[in-house]
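Here's the structure we're looking at; comments come further down.
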Amino acid sequence: MSLWARFPEVNTPDIKDMGLAGYVLAASPSLTDENFSHSLVLMVEHDRLGAVGLVMNRPVGRALHEVTTGPFVDGVKGTIPVLFGGPVQSGHVLIALFEGQEDDSRIRCTLGITPELAQAHLDGGPGWVRAFVGYAGWGAGQLDRELGEGAWKVCTPHPVIFRHHFAGTLWSAFAGEDQRWRRFVDRLPEHGWN
């Protein structure tokens, strides 16, 4: 089976019942759309009506308070990194909370959180808060067709996707066949090499 073919895990009962929400999609090397070339997309929703995801390896190099203003920004003390989330509604900013599941099989994403909830997580609560300019979206059956065509590799998530100083290398790590990096990545510096 080709690395980019529809993965067997896509057909497990868990996937059929819950879709790909919580998994990471790694773009195929042949996917040339500039919005998704070498991208990692964490799936937020996936069902028969369509799918929504957020590109996780395209930081814009700014914090939330540098790209927008308003009550949410005023209610949060701390830095929330901003990423390019995808081409849909790229004029809007989404705030998301990500939390790992106990078995590390998926990462749950909650959109539209309150400033109080964001602050609780910025103050050391479990999970990660990120802001996104736009999001990735697929119509009914569109993502399933793309998966069948080998445009995406379905990957088990890993918290390293929240370490944006590794953004330049994340795609090759997730997309590659050699996944040994998952065993030692937690030993790498939390904030990159200084």
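Within the stretch 101-127, the set of residues being farther than 24 Å from THR68 by Cβ and open to solvent by 50 Å² or more (accessible area, probe 1.4 Å) comprises GLN101, GLU102, ASP103, ASP104, ARG108, GLY124, PRO126. Every listed requirement among (1) in contact with a strand residue (DSSP E or B) (Cβ under 7 Å, 6 or more places away or on another chain); (2) of a type outside the set (Val, Ile, Thr); (3) crowded, with 19+ Cβ neighbours inside 10 Å is met by GLY139 save one, (3).
Of everything in the stretch 17-65 that is in contact with a strand residue (DSSP E or B) (Cβ under 9 Å, 6 or more places away or on another chain), hydroxyl-bearing (Ser, Thr, Tyr) and open to solvent by 10 Å² or more (accessible area, probe 1.4 Å), the residue that is nearest to PHE162 (Cα to Cα) is TYR23. Exactly one residue out of ARG187, ARG108 is among the charged types (D, E, K, R) and farther than 27 Å from ASP47 by Cα: that is ARG187.
Among the residues of the stretch 38-60 satisfying the criterion of being part of a loop (DSSP other than H, G, I, E, B) and farther than 16 Å from ALA173 by Cβ, which is modelled with the highest pLDDT? The residue in question is LEU49. Residues in the stretch 150-194 that are among the β-branched types (Val, Ile, Thr) and at pLDDT below 75: 1 in all. With a requirement of 3 or more residues that are under 23 Å from ALA27 (Cβ atoms), the helices (runs of 4 or more DSSP H) lying completely within the stretch 114-194 that satisfy it span 142-148, 167-175. Taken over the stretch 66-100, residues that are open to solvent by 70 Å² or more (accessible area, probe 1.4 Å) and in a strand (DSSP E or B) amount to 3. Kindly indicate whether any position in the stretch 61-83 is at positive phi, modelled with pLDDT of 90 or more and under 18 Å from the mean Cα position of the chain (by Cα). Yes.
The values are calculated or read from the model by the stated rules, or taken from the named source; none is laboratory data. Owing to the predicted nature of the structure, the values given are computational and were not obtained by experimental measurement. Here Cβ is always computed from backbone atoms with ideal geometry, including for glycine, and neighbour counts include all displayed protein chains. Side chains are part of the model used for accessible areas, which takes the heavy atoms of the whole protein and leaves out ligands, DNA and RNA. Shrake-Rupley method; radii C 1.70, N 1.55, O 1.52, S 1.80 Å.
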